[in-house]
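I have placed the structure first, in the form of structure tokens, so that the comments after it can refer back to it.
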Amino acid sequence: MSALKDRLRADLTAAMKARDSLRASTLRMTLTEVTNAEVAGTAARELSDAEVLEVLDKEAKKRREAAEAFDQAGRAELAAKERTEGEIIAEYLPVQLSEDELAEIVRTAIAEVGASGMKDMGAVMKIVQPQVKGRAEGGRIAAVVRGQLS
């Protein structure tokens, strides 16, 4: 069994004992998504830590997008709840790269590919994405690559 999944379950139990309903409900929803990913497809299987991280990343992204939507709709209390849930999920994700670290990785990839313009963006992205997987969002990566290739 995945160590990360075990940690999520243990933290859920602790949250329930502490009567922290928001944390417990967030972890319960997250574990449900992990279970759904395990039974998706033709055969049920156990997810690795990397696959559990992908599920967590997807859940954190859902919370960010929902918070933005609630903000635009003028529902500040629901946006705050979504942000709090996102922060709880973020505790289990790897630390995000800073702008400087991401820019340095992109610079190295551009030099490695010998990229000269926007036509080389795909080749640069192909090198950068595996290096930063889980530590930077795709849109953020693309913006940095675009900025450096322009």
message: Which of the numbered conditions does residue 123 fail, given that it passes all the others? Conditions: (1) in contact (Cβ under 8 Å) with a residue 12 or more places away in the chain; (2) aliphatic (A, V, I, L, M); (3) assigned to a helix (DSSP H, G or I); (4) surrounded by fewer than 17 Cβ atoms within 10 Å (Cβ to Cβ).
response: (1)
task: For residue 47, state whether it is farther than 20 Å from residue 80 by Cα, modelled with pLDDT under 95 and in contact with a helix residue (DSSP H, G or I) (Cβ under 6 Å, 6 or more places away or on another chain).
output: yes
- prompt: Hey, among 63, 7, 75, which residue is farther than 18 Å from residue 94 by Cβ and out of contact with any His (no Cβ under 6 Å at 6 or more places or on another chain)?
  reply: 75
field: Candidate set from region 141-150 (those that are surrounded by 15 or more Cβ atoms within 10 Å (Cβ to Cβ) and under 19 Å from the mean Cα position of the chain (by Cα)); member that is nearest to residue 53 (Cα to Cα)
entry: 141
task: Tally the residues that are of a type in the set (Asp, Glu) and more than 15 Å from the chain's Cα centre (by Cα), restricting the search to region 24-50.
output: 2
task: Output the residues belonging to region 20-37 that are farther than 24 Å from residue 135 by Cβ and either in contact with a strand residue (DSSP E or B) (Cβ under 8 Å, 6 or more places away or on another chain) or among the acidic types (Asp, Glu) (or both).
output: 20
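The values are calculated or read from the model by the stated rules, or taken from the named source; none is laboratory data. Note that this is a predicted model, so its numbers are computed, not measured. When we count neighbours, we look across all protein chains shown, and the Cβ atoms used for this are built from the backbone with ideal geometry, even at glycine.
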